[in-house]
Amino acid sequence: MKNLLLSAVLILLSFAGYSTSRGIEIINRSECPIYIQLHGSEKCPSCEHQYTSNLIMISPMSTTLISNTMMLGGTFPTTHPAFINCATIYSGPRQCQPQERWMIGDPRCCTPDIMFWSMNENCERKCPCLRARWEPTQQGCQGIARLMITPC
């Protein structure tokens, strides 16, 4: 009986490692600006894209911590925090067309690893090979996920 209970607890804890998170730390170790939108929902865990943030630019060689979804803009609520479950990475700023995009996030919702490329403000392909990795929170729904951008 104890082994069965222990197994059930371990299974629940493993789900917590892949849960939707309250916030995200985005680490850009590339020489290119990264353009992303975050997606989330009211519930946790959930793969629903109930909310979408404004377009966010992450500067080259920088780290951005978003610990409160009320500041994201877009369709995220401003009166109470929501949960972040994935992101869309864009190939460049909005004026650069055609625009490529890649979904990354919670492994239950979309792929946790992608390879992509990025353009600069002049719509020139500056970083032809980048890798993004989503690291889910280890603290259940209340934790902070991490999105790592590195050169290939």
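Bear in mind these aren't lab numbers, they're just calculated from the coordinates by the rules spelled out. Predicted model, so just to flag it, every value in this text is computed and none were measured. For neighbour counting, all protein chains shown are included, and Cβ atoms are generated from backbone atoms with ideal geometry for every residue, glycine included.
A few notes on this one:
- Contact order normalised by residue count of region 2-151, Cα under 8 Å, 6+ apart, percent: 29 percent
- Computed about the Cα centre, the dipole magnitude for region 2-151 is approximately 220 debye when only Lys and Arg (+1) and Asp and Glu (-1) carry charge, each at its Cβ.
- Rounded to the nearest 500, the helix-only mean residue ellipticity at 222 nm of the chain stands at -3000 deg cm²/dmol, with each DSSP H run of n ≥ 4 adding -39,500 (n - 2.57).
- Per-residue ³J(HN,Hα) for region 32-43, Karplus 6.51 cos²θ - 1.76 cosθ + 1.60, θ = phi - 60°, Hz, x for Gly and Pro: 10, x, 10, 10, 9, 10, 9, 10, x, 8, 6, 9
- Region 67-152: GluC sites (Glu not before Pro) in DSSP loop, at most 12 other beta carbons within 10 Å: E121, E124
- Cα-based helix-to-principal-axis angle, 2-16 vs the chain, degrees rounded to 10: 20 degrees
- GNM result for the chain, Cα springs below 10 Å: residue of N68, N54, N122 fluctuating most strongly: N122
- With at most 16 neighbouring Cβ atoms within 10 Å, loop trypsin sites (Lys or Arg not before Pro) (DSSP) excluded, longest segment of the chain: 44-93
- Ellipsoid semi-axes for region 31-102, based on the Cα gyration tensor and the rule √(5λ), read 23, 14, 11 Å when sorted largest first.
- Here the Gaussian network model covers the chain, with springs between Cα atoms less than 10 Å apart; of I24, I56, I84, I56 fluctuates the most.
- Cα lying deepest toward the dipole's positive end in the chain, options G92, G143, C123, charges on Cβ: G143
- Phi angles across region 53-64 convert, under the Karplus curve 6.51 cos²θ - 1.76 cosθ + 1.60 with θ = phi - 60°, into 3J(HN,Hα) values of 6, 5, 5, 10, 9, 9, 5, x, 6, 9, 10, 10 Hz, Gly and Pro given as x.
- Distant-in-sequence amide H partners of K126 (H built 1.01 Å from N, under 5 Å): S118, M119, N120
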